[in-house]
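Comments concern the structure below.
The values are calculated or read from the model by the stated rules, or taken from the named source; none is laboratory data. All values reported here derive from a predicted model rather than from experimental measurement. All Cβ positions, glycine included, derive from the backbone under ideal geometry; neighbour counts span all protein chains shown.
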């Protein structure tokens, strides 16, 4: 019988730990604050930003919100980031992606000071991760490591397979699993015999962006399966990259969608904000 990895409960534990740390920092006269920048009116982005604000409120982190017009120029956005970089009372800066087409995302990410890059997307943060130095780690992969550890999954020496090689999930995920002494394989759209590779995995992390793509033919009996995908199916219900009903019975542990990886991303963002304040 498989066990469900409950991201809601684990993320709540982390937010409660952050809340205590914020209280302690406040008692020492230190504030924790996050600047959140939203450009345009993408409905999904607005929901994400709303959830981040709620988490800030819960943990006692002050959130300063900038809601900008869709047609703002890149120069204006970069100048706002520059101003926030220089403000001592701001510990973290988050620009909600995706940005409108006329703005170069890469330039925006690079403009955020690495010490305030709580999303962990700056090339300096990514570089630090790849050579094992201290720095912010992208929130979703960091959250997955917490999910595994707090569900008593030992990563050391395990065969770990990551499906997907995005800069936000796949690549940092592989580096974090390596840091925990896992043996890591990264698969992608050009991988030959994908089933052969994923079937070797003791820990399978799927971030491929295709609804219900992974069926039980891809999964080894007793594996731990982490589903990063989030989609709406034909009945408008949320589903992941893994066909849960098909795969779950043969796993030892699996994350649901929703309620698995999703809540962890925001919890880890709160944790990064506190690290920034420290």
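From the residues in the range 213-230 that are part of a loop (DSSP other than H, G, I, E, B) and touching a strand residue (DSSP E or B) at 6+ places or on another chain (Cβ under 9 Å), which one is surrounded by the most Cβ atoms within 10 Å (Cβ to Cβ)? Ranking the qualifying residues of the range 213-230, first place goes to 228. Just one residue in the set 60, 132, 127, 120 is out of contact with any strand residue (DSSP E or B) (no Cβ under 9 Å at 6 or more places or on another chain) and within 16 Å of residue 264 (Cα to Cα); that residue is 120.
Among the residues of the range 49-57, is there at least one that is assigned to a strand (DSSP E or B) and either under 21 Å from the mean Cα position of the chain (by Cα) or at negative phi (or both)?
No, every residue in the range 49-57 fails to be assigned to a strand (DSSP E or B) and either under 21 Å from the mean Cα position of the chain (by Cα) or at negative phi (or both).
Scan the range 249-261 for residues that are over 11 Å from residue 5 (Cα atoms) and either in contact with a strand residue (DSSP E or B) (Cβ under 6 Å, 6 or more places away or on another chain) or not assigned by TED's automatic domain parsing to the domain that holds residue 174 (or both) and the total you get is 2. Closer than 26 Å to residue 173 by Cα and assigned to a helix (DSSP H, G or I): is that true of residue 44 in this structure? Criteria met by residue 44. Taken over the range 247-277, the residue count meeting the criterion of being in contact with a helix residue (DSSP H, G or I) (Cβ under 7 Å, 6 or more places away or on another chain) and surrounded by fewer than 17 Cβ atoms within 10 Å (Cβ to Cβ) is 2.
Report whether or not residue 210 is part of a loop (DSSP other than H, G, I, E, B), in contact (Cβ under 8 Å) with a residue 12 or more places away in the chain and out of contact with any strand residue (DSSP E or B) (no Cβ under 7 Å at 6 or more places or on another chain). Lay out the reasoning, then the answer.
Values: part of a loop (DSSP other than H, G, I, E, B): yes; in contact (Cβ under 8 Å) with a residue 12 or more places away in the chain: yes; out of contact with any strand residue (DSSP E or B) (no Cβ under 7 Å at 6 or more places or on another chain): yes.
Judged against the criteria, residue 210 is a match.
Of the residues 22, 49, which is at pLDDT below 95 and under 17 Å from residue 272 (Cβ atoms)? Just one listed residue meets the conditions, 49. Scanning the range 185-203 for residues that are more than 12 Å from residue 163 (Cβ to Cβ) and touching a strand residue (DSSP E or B) at 6+ places or on another chain (Cβ under 8 Å) yields 200, 202.
Examine the range 264-272 for a residue that is assigned to a loop (DSSP other than H, G, I, E, B), outside the structural domain of residue 94 (by TED's automatic domain parsing), in contact with a strand residue (DSSP E or B) (Cβ under 8 Å, 6 or more places away or on another chain) and farther than 15 Å from residue 5 by Cα, and state whether such a residue exists.
No, that holds for no residue.
Yes/no matrix, rows are residues, columns are (1) buried (at least 20 other Cβ atoms within 10 Å of the Cβ); (2) under 30 Å from residue 249 (Cα atoms):
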| position | (1), (2) |
| --- | --- |
| 13 | no, yes |
| 23 | no, no |
| 26 | no, no |
| 40 | no, no |
| 46 | no, no |
| 69 | no, no |
| 94 | yes, no |
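For the range 231-246, the set of residues classified as surrounded by 15 or more Cβ atoms within 10 Å (Cβ to Cβ) and not in a strand (DSSP E or B) consists of 240, 241, 243, 244, 246, listed by residue number.
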